[in-house]
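Data block below; observations after.
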Amino acid sequence: MNRRIYILYTGGTIGMQRSADGYVPMAGLADLINEKIPLHLSASVPEYHLEELDTLIDSTNATPADWRRIAAKVVDNYANYDGFIILHGTDTLAYTASALSFMLQGLQKPVIITGSQIPLSELRNDALDNLITALVLARNYPVAEVCLYFSGRLLRGNRATKLKATGFDAFDSPNYPWLGKVGINIEMEQANIRPPSTAGEQFELPHYDKRVVPLRLYPGIDADYLRHVLQLPMDGLILESFGVGNAPDRDPELLRLLDQANSRGLVTVNLSQCLYGRVDLSSYATGSALARTGVIGGADMTMEATFAKLHHLLMTESSAARVRDLMATDICGELTPA
Ligand code: ASP
């Protein structure tokens, strides 16, 4: 099987080297990979072409413009390769994975995003395994989704979140089962994988220029604070609420401010601070009060998917009403319909 894989190195720990200030991304990853793969095994490595972004970044510095840059590389090379691997820093990897899933809708080939907790340049690392396994997956399993591979887990990109700062098993998808499990054997969970879209590719890569702001509610949040936040320039607000989507309703001014923001066109999505479970605004009076202000329930989406989706819809949809509708609708596997 002569399937060709395109690898894009964007930066991140996987290709970093030590410097006086700590790890920094370094060009020349292809040579390092060749050095690390023992000669007698190199013939078994799936064939690939590796490209590096002109400016390699620590993914902490990634912006929505970087998401687009990465998607554009996939689109530019789409016809010439059978699978794509994006090497990315782990800190904001789940945001980029989510954004790619919205830009690359109708994808017919695997796009696997991965990285590592320890650079390939170190003796002991998780980089080589994540890279080689991602290559094997991209070559042998035509999953037509943006996936995230890390430490034995193949996850849907827009369901994944970074849960551990230092563990090798850093990523999981709390509200969606794994797409595959890699141990001695590779076990794909076909029932969890989206079938390839019959409509074909519908790629859309907007030049993101909207502002989406997450606001975490805390015990005692007051109307004055919210008023100040809402005066900031923003097009979308993610309200990180309690439990199943509850926000304090004792101060009517808080709710009035949200209602007012909604009337002037701000799209506000209510997401739970809990990682597991879903927002249900009808369970408690405190949730219903929020729903009446026009806040949209984000169901069981991750913060990363909600953030990227809101950015994407604010660019691609013509009205706030449409954005609100679609925020509560499953577009590419990021949300479980009620
Ligand atoms: N700060 C690094 C990054 O996100 C961390 C990593 O790659 O693991 O680029």
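The values are calculated or read from the model by the stated rules, or taken from the named source; none is laboratory data. Just so it is clear, the model here is predicted, and its values are computed rather than measured. Glycine also receives a Cβ, built like all others from the backbone with ideal geometry; neighbour counts cover every protein chain displayed. Areas reflect the complete protein model, heavy atoms only, side chains present, ligands, DNA and RNA absent. Shrake-Rupley method; radii C 1.70, N 1.55, O 1.52, S 1.80 Å.
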If one builds a Gaussian network model of the chain from Cα atoms under 10 Å apart, the most fluctuating residue listed among L281, L230, L155 is L230
Excluding ligands, DNA and RNA, the carbon-plus-sulfur percentage of the accessible area of the chain with a 1.4 Å probe reads 51 percent
Probe 1.4 Å, all chains present, heavy atoms only: V111 accessible area in Å², nearest 10, is 0 Å²
Of S263, S272, S283, S318, ordered by accessible area with the largest first and a 1.4 Å probe, the sequence is S318, S263, S283, S272
Given 10 °C, 1.306 mPa s and a Kirkwood radius over Cα pairs, the Stokes-Einstein diffusion coefficient of the chain in µm²/s is 76 µm²/s
Along the dipole axis of the chain (charges at Cβ: +1 for Lys and Arg, -1 for Asp and Glu; origin at the Cα centre), the most positive-end residue among S283, M234, L314 is S283
Scoring the chain by relative contact order with C-alpha pairs under 8 Å, at least six apart, yields a percentage of 15 percent
Two pseudo-spin positions, 7 Å from Cα along C-beta at S44 and at F203, lie apart in nanometres by 3.4 nm
Mean-square fluctuation maximum in Gaussian network of the chain, Cα pairs under 10 Å, restricted to R264, R68, R211, hits R264
Among beta bridges assigned by DSSP with both residues in the chain, the antiparallel ones amount in percent, to the nearest 5, to 35 percent
Using alpha-carbon positions, the gyration tensor of region 6-79 gives root eigenvalues a ≥ b ≥ c; with a/c under 1.5 called rounded, otherwise prolate if a/b exceeds b/c, else oblate, the class is oblate
Distribution output for region 149-200: share of Cα-Cα pairs per 5 Å bin in percent, first bin at 0, values 5, 20, 25, 24, 15, 7, 3, 1, 0
S318 neighbourhood, Cβ < 15 Å, K/R = +1, D/E = -1, net charge -1
From most to least accessible, 1.4 Å probe, no ligand or DNA/RNA atoms counted, W178, W67 line up as W178, W67
Note: region 242-338, point scatterers on Cα, Debye, no solvent; log10 I/I(0) at q = 0.16 Å⁻¹ equals -0.64
Whole-percent tail of the Cα-Cα distance distribution for region 281-330, cut at 15 Å, equals 49 percent
In Å², rounded to a whole number, the accessible area per residue of region 257-316 with probe 1.4 Å is 36 Å²
Diffing region 108-117: the Karplus 3J(HN,Hα) column from phi (6.51, -1.76, 1.60, θ = phi - 60°), in whole Hz with x for Gly and Pro, holds 10, 9, x, 10, 10, 9, 8, x, 7, 8
